[in-house]
Amino acid sequence: MTYTQTRTASMSSTVTEARVREVMKHIFADITALATRGFTSHESAAKWRNDLTWMLSNEVIYSFELQLEAPGQPVRGFHYDVSDDGSLQEAGRSGGMQLHEFPDGTSASMVVWFKRPLPDEIEAEIKVRNWTSPGAYLKGEKTRDRAYSCDGYGVIRNRVGDW
C-alpha cells in the first residue's frame, strides 16, 4: 500500500538524473530486501523504485518512509531525508536493516512527503502513478542510520520507532 503527505515551501537544489540513479541503487537494495523477506511484492518494489526515481529526478519530494507493520508490534520504519544542497558527502553501503527482527506476516508500505505547490503536469503524473492516498509519517525520534550520496546529492536514512 502507498500513501502520501504534503508540505508547502520552495527550495532549490543541484539534483541531476545521474546522481539520483546512483543513489537509487542503494535505496533499491533496501527496498529489494523488504521484498526478499516477503514484506512487499517484487512488483511493488519495482514500482516504488521507478516512482521514487521519477519523484527524486523531478524534485517533487522532501522525504519518504518505508514503514514496517509487524503483527502485534508497534509500526517501525526507515525515514529517508533528501539532501540536495551539496552538503552530503557520506556514501554508505546499503543493507543493515535488521529485518530478521520482524516476523513473517510483516507488511511494508511507503509514504512520501511532496513539495507544494507543484505544477499541474506534475500533479497529473502523481495521480497517474497512484500516489494520492493520504498518509502519515511515523511518530517518534529519528536515529540516523546511514546515508547514500553521489557528488553531494543523496538521502539520509534514519530509523523511526522502537528498535
Next item on the list: Give, to the nearest whole percent, the P(r) tail of segment 73-137 beyond 17 angstrom, counting all Cα pairs.
Entry: 63 percent
Checklist line | Theoretical ellipticity at 222 nm over the chain - DSSP helices of four or more residues, -39500 (n - 2.57) apiece, nearest 500 | finding: -9000 deg cm²/dmol
Notebook entry, point to check: Do you know the relative contact order of segment 25-80, to the nearest whole percent, from alpha carbon pairs under 8 angstrom that are 6+ apart?
Noted result: 21 percent
Note to self: What is the percent carbon and sulfur in the accessible area of the chain, measuring with a 1.4 Å probe over the protein chains and ignoring ligands?
What the structure shows: 49 percent
Margin query: If I build a Gaussian network model for the chain, linking alpha-carbon pairs within less than 10 angstrom, which residue out of 123, 17, 101 has the largest mean-square fluctuation?
Written below: 101
Notebook entry, point to check: Counting pairs of alpha carbon atoms under 8 Å apart in space and at least six apart in sequence, what relative contact order in percent does segment 71-163 give?
Noted result: 54 percent
Notebook entry, point to check: What FRET efficiency, computed as 1/(1 + (r/R0)^6) with R0 = 35 Å and r the Cβ-Cβ distance, is obtained for residue 43 and residue 85, rounded to the nearest 0.05?
Noted result: 0.55
Item checked: For residue 13, solvent-accessible area (1.4 Å; no DNA, RNA or ligand), Å² -> 30 Å²
Check: Between (i) 1.41; (ii) 1.17; (iii) 0.98, which matches Cα Rg over 2.2 N^0.38 Å calculated for the structure shown?
Finding: (iii)
Next item on the list: Post the alpha-carbon centroid distance, segment 14-32 to segment 107-131, in whole angstrom.
Entry: 18 Å
Checklist line | Cα-centred dipole magnitude for the chain, charges only on beta-carbon of K, R (+1) and D, E (-1), debye, nearest 20 | finding: 220 debye
Note to self: Not counting ligands, DNA or RNA, and with a 1.4 Å probe, what is residue 156's accessible surface area in Å² rounded to the nearest 10?
What the structure shows: 40 Å²
Check: Heavy-atom accessible area per residue, the chain, 1.4 Å probe: how many Å²?
Finding: 49 Å²
Item checked: Normalised contact order of segment 1-148, rounded percent, pairs of Cα under 8 Å and 6 or more residues apart -> 42 percent
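The values are calculated or read from the model by the stated rules, or taken from the named source; none is laboratory data. From a predicted model like this one, the values you see are computed outputs, not experimental measurements. In this analysis, Cβ positions are derived from the backbone assuming ideal geometry, glycine residues included, and neighbour counts consider all displayed protein chains. Note: accessible area is taken over every heavy atom of the protein model, side chains too, but ligands, DNA and RNA are not part of it. Shrake-Rupley method; radii C 1.70, N 1.55, O 1.52, S 1.80 Å.
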